[in-house]
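To keep things clear, I will list the structure first and then write my remarks on it.
The values are calculated or read from the model by the stated rules, or taken from the named source; none is laboratory data. Remember, it's a predicted structure, so these values are computed and weren't measured experimentally. Backbone-built Cβ (ideal geometry, glycine too); neighbour counts: all protein chains shown. In case anyone asks, the SASA skips ligands and DNA or RNA and just uses the protein heavy atoms, side chains included. Shrake-Rupley method; radii C 1.70, N 1.55, O 1.52, S 1.80 Å.
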Amino acid sequence: MWSFGAILVELYIGQPIFPGESESEQIAYIMEFKGSPPINVLEKSTWRKLFFKDDMSPIPFWNKRGKERRPNTKSLMDLLEGADWAFIKFIDACFHWDPELWM
């Protein structure tokens, strides 16, 4: 669902929504829009320690140009300005952290 949602957004805006150059940057981009994953999702993650501290907070990330990416600093509504509300809501649903919510 993530990929499907990302492709739809990219078709709408004409550029990648999460253009990270590394796994760390990729997850930082995602967290800008979706915030940190819920604790129950992080507890199941085998790679959690690569991206999150012991207290489950994100490890700060700066890209190669020195820009820090912080959770909850961007919104889909702003990115998809002018889009139909149903489309924005659908895209938001595609980007659920917990895959069990897609079932």
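A few notes on this one:
- Rolling a 1.4 Å probe over the heavy atoms of the protein chains gives region 9-103 an accessible area of 66 Å² per residue.
- Given (i) 34, 17, 13; (ii) 23, 18, 11; (iii) 28, 16, 13, the label whose value is semi-axes √(5λ) of the Cα gyration tensor in Å derived from this model: (ii)
- Placing a pseudo-label 7 Å from each Cα along the Cα-to-Cβ vector at D55 and N40 gives an inter-label distance of 2.4 nm.
- Atom-type composition of the exposed protein surface of the chain places 57 percent of the accessible area on carbon and sulfur (1.4 angstrom probe).
- Residue (of S3, M31, L79) at the positive-pole extreme of region 1-89, dipole from beta-carbon charges: M31
- Under 5 Å, built H, 5+ apart or other chain: amide partners of F52: I59
- Charge dipole magnitude, Cβ of K and R +1, D and E -1 - the chain, Cα centre, debye nearest 20: 320 debye
- On the basis of the beta-carbon distance and an R0 of 25 Å, A86 and F4 show a calculated FRET efficiency of 0.95.
- Sequence-distant lysines (8 or more away, or on other chains) whose Cα lies within less than 25 Å of K53: K34, K44, K64, K67, K74
- For D98, neighbours were defined as the other residues whose beta-carbon sits under 15 Å from its Cβ, and their charges (Lys and Arg +1, Asp and Glu -1) total 0.
- Put a dot 7 Å past the Cα of S22, heading toward its Cβ, do the same for N72, and the two dots end up 2.6 nm apart.
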